[in-house]
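The values are calculated or read from the model by the stated rules, or taken from the named source; none is laboratory data. Remember, predicted model here, so these are calculated numbers, not experimental data. Note that each Cβ is placed from the backbone with ideal geometry, even for glycine, and that neighbours are counted across all protein chains shown. Keep in mind that these areas ignore ligands, DNA and RNA; they rest on the heavy atoms of the full protein, side chains included. Shrake-Rupley method; radii C 1.70, N 1.55, O 1.52, S 1.80 Å.
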Amino acid sequence: MTSFIGTKRLEARPLSLGDYNNYRGWTIPAGQDPAQPGYLVKYEDGYESWSPKQIFDAAYNPLDAMTFGHAVEMMKAGLRVTRAGWNGAGMFAYLVPEASYPVQTGAAKEHFGEGAMVPYRAYLALKTAQGDVATWQPSASDVLATDWSVAA
């Protein structure tokens, strides 16, 4: 079998296996513990399932306690992310996808030609506490932090 790792956004609430079976209108199979802790999980497409607590806790973080890897996936999905540990109010990071812009500077006109489009690669941007936007390179502290969240 091939190994996989995934990142997905979902909603969940604590629900025992027995309560999940009652929620579905099912009879719990013999030999299963109705008190087993777990979660009712609802995916973005509306699909619902039940996950044992240990499995769920190993796979998911609340949206206000994400790792940097989760934050990157949220940025790839077009969302803005922020850290509780950032000192500046209103700061957030986001992904600027690759694209191009009309040539503007003398140096670019010399290289690309008058009227050309200048291609650029995708990059991370930071809305600063001062209200402007800068290209952004995350620090080691940012990469190792677990206080990332989706910005409001």
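How much of the calculated P(r) for region 1-52 lies past 12 Å, in percent of all Cα pairs? Tail of the P(r) past 12 Å holds 67 percent of the pairs.
Just the protein heavy atoms count here, and of the accessible area of region 1-87 at 1.4 Å, carbon and sulfur take up 52 percent.
Tally Lys and Arg at +1 and Asp and Glu at -1 over the other residues with C-beta under 12 Å from the C-beta of ASP64: what net charge comes out? Don't jump to the answer; show the numbers that get you there.
Details: positive: ARG83; negative: ASP147.
Computed value for this residue: 0.
At full extension, ALA89 and SER141 could sit 16.9 nm farther apart than now, given 0.36 nm per residue minus the alpha carbon distance. Entry note, the chain: relative contact order of 21 percent, from Cα contacts under 8 Å with a spacing of 6+ residues. Mean-square fluctuations from a GNM of the chain, with a 10 angstrom spring cutoff on Cα atoms, peak among ALA107, ALA93, ALA59 at ALA107. Rounded to the nearest 10 square angstrom, GLU114 shows an accessible area of 150 square angstrom against a 1.4 Å probe. Accessible area per residue for the chain, computed on protein heavy atoms with a 1.4 Å probe, is 68 Å². With both labels modelled 7 Å from their Cα along Cα-to-Cβ, the ILE55 to ASP132 distance reads 5.1 nm. Among the protein heavy atoms, those of LEU144 account for about 140 Å² of accessible surface (1.4 Å probe, every chain in place). Here, region 18-103 has an Rg and a Dmax of 19.8, 71 Å when only alpha carbons are counted. How much of the calculated P(r) for region 63-139 lies past 15 Å, in percent of all Cα pairs? Cα-Cα pairs in region 63-139 separated by more than 15 Å: 63 percent.
Comparing Cα centroids, region 32-69 and region 72-125 end up 34 angstrom apart.
Among GLY131, GLY46, GLY113, determine the one that fluctuates most according to a GNM of the chain built with springs between C-alpha atoms less than 10 Å apart. Of the options given, GLY113 has the highest mean-square fluctuation. What residue among THR128, THR82, THR67 shows peak mean-square fluctuation when the chain is described by a Gaussian network model with Cα springs under 10 Å? Of the options given, THR128 has the highest mean-square fluctuation. If a spin label sat at a point 7 angstrom from the Cα of ARG9 along the line to its beta carbon, the backbone N atoms of region 66-105 nearer than 18 Å would be those of 66-84, 92-97. Taking a Cβ cut-off of under 14 Å around ALA77, the surrounding Lys, Arg, Asp and Glu residues balance to a net charge of +2, with basic ones at +1 and acidic ones at -1. Shape annotation for the chain: C-alpha extents along the principal axes are 77, 36, 28 Å, from largest to smallest.
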